[in-house]
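The values are calculated or read from the model by the stated rules, or taken from the named source; none is laboratory data. Please read all numbers here as calculations on a predicted model, not as lab measurements. Surface areas here come from the heavy atoms of the whole protein model, side chains and all, with no ligands, DNA or RNA. Shrake-Rupley method; radii C 1.70, N 1.55, O 1.52, S 1.80 Å.
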Amino acid sequence: MPQMISIHPVTRIEGQARIDIQLDEAGQVADTRLLIDALRGFEQFVIGRPAEEIPRIVSRICGICPWMHHLAAAKAIDGCFGVVPPPTGHLLRELCHLLAHIHDKILHFFFLAAPDFIFGPNSDYSVRNIMGLVQREPELAAEVVRMRQLSLAMLARIAGKATHPVAAVVGGFAKPLAERELPHMLADGRILLDFACRALDHAKQKIFIRFADEEAALGAITTGFLGTIDGLGNLRLFEGRLRLMRPDGSVSDFAAADYDGYLAERAEPWSTAKMVYARTWDEGFSLDIEAPRGVYQVNTLARINVCDRIATPLAQAELEAFRARFGRPAHGMLLAHWARLIELVYVCERVLELLADKRITEPMVCSPAEPRAGRGVGQVEAPRGTLIHDFTTDDNGCIVRAKLIVGTTHNIAPMNMSVRQAATTLIAKGQVDASLLNRIEMAVRAYDP
């Protein structure tokens, strides 16, 4: 008889999800669904609110990456009011953005993803978790906690608090960085960079080496990619142009404000979450894993696929080694974990660059702004992928329209495809056990949803 298998909840992700797997009478996979039931509702909550309140309100969308929503919204409201932050205000925003990336990447890789590789996907779930990691490698676990705490402390030193921030205001930043803080910030930044380099080396020697051929193919699908670059094709996380890459590697670059000419949302009857697809690809939209249409990915693997290079030396060397081994674009989904640590190295290098910029402690951090009618699009790269905030204001500077596309929304379509690929590959004649279901979860975990 047909059988339904549900994985509920999907474990070790930064959110809530369920996987449903429908088996046919022969015990083979007939269909799969990744279901996300969470309701945000912020596109309606903010209607009628004064625009200057929006960066503070939307930081509550996510307790893991509040800075990304805070900063994307601040950039969008700048656009609504036609104001450009002074250079120092812009640099402080980027510095906070990057520090928020650091603690998030450490959280996901070591706390959520690494247990699958350190203990093996077939190990018992009672030890395949962060507490098992603490018991097996207590020194590593302690350092991971210290490094995450350090990046959060740096954020609090700059902005007053690290979670649900209020420091980015319309036109720039709320307060300058005191020059007396620079030596401490630079010292802490060097500690984080040293850790990032050692973490990547450790992972290449102890974790990534376990990517056997069949594991590397787990959840692997062929899709396009979306990420942010600067005018020279360098990887960027805080600002730049968007690059949409087809599966064959051909690209289209466009300004973030023009995103709706390239990307479109659609609703599926079985999902409460919208899916985003490439509007400009003539073939339309399909989740068929053999012949997908219009589907692209965001996140760490997408970003290092779309960029031509990375502008910091240590991360660039790692990118070159990665591409020599896996090519460009790389399509193995578990490679997102490798890409995540390459990006961690880049972020730490970039933090030190920003702290060395003489403008970082200048007192002029905000430009004056007046409420007005307008439209603004703010875009940053969140840890989970490209984040877009699009707001329109009336003559009083109040929100009349809001549209948000968060990183996970871009990835709902490819995550469904990865689940289908993993389940179809692993399940035969109805034979299912806990380790097999965990491997299917691993295909979702790689996206850090």
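What the chain shows is 39 Å² of accessible area per residue, with the surface traced by a 1.4 Å probe over protein heavy atoms. For Lys105, a cut-off of 22 angstrom between C-alpha atoms picks up these lysines, skipping any fewer than 8 places away in its own chain: Lys161, Lys204, Lys206.
Can you sort Phe110, Phe285 by 1.4 Å-probe accessible area, starting with the largest?
Details: Phe110 5, Phe285 30 Å².
Ranked list, largest accessible area first: Phe285, Phe110.
Largest GNM mean-square fluctuation among Pro50, Pro368, Pro383, using the chain with Cα springs under 10 Å: Pro368. Separation of the stretch 108-147 and the stretch 405-438, taken as the distance between their Cα centroids, equals 22 angstrom.
For Lys403, the lysines whose Cα comes closer than 17 Å to its Cα, not counting residues fewer than 8 places off in the same chain, are Lys75, Lys274.
222 nm [θ] for the chain, helices only, -39500 (n - 2.57) per DSSP H run of 4+, per residue, to 500?
Taken over the chain, the calculation gives -12500 deg cm²/dmol.
Of all accessible surface on the chain at a 1.4 Å probe, what whole percent is carbon and sulfur?
Details: 9080 of 17460 Å².
Summing carbon and sulfur atoms, their accessible area is 52 percent of the total for the chain.
Kindly sort Asp188, Asp394 by accessible area of their heavy atoms, largest first, with the probe set to 1.4 Å. All intermediate terms of the calculation are to be shown ahead of the outcome.
Working: Asp188 25, Asp394 50 Å².
Reading off the accessible areas and sorting them downward yields Asp394, Asp188.
Of the DSSP H helices in the chain, those that are both long (alpha-carbon extent of 27 Å or more along the helix axis) and hydrophobic (Kyte-Doolittle mean at least 0.5) are 138-159, 335-356.
Mind checking the full-extension length gain between Glu43 and Thr280? Use 0.36 nm per residue of separation minus the Cα-Cα distance, one decimal, nm.
82.8 nm
Here the stretch 312-328 and the stretch 343-358 have alpha carbon centers that stand 18 Å from each other.
Each Cα pair under 8 Å and six or more residues apart adds its separation to the average, and for the chain the resulting relative contact order is 26 percent.
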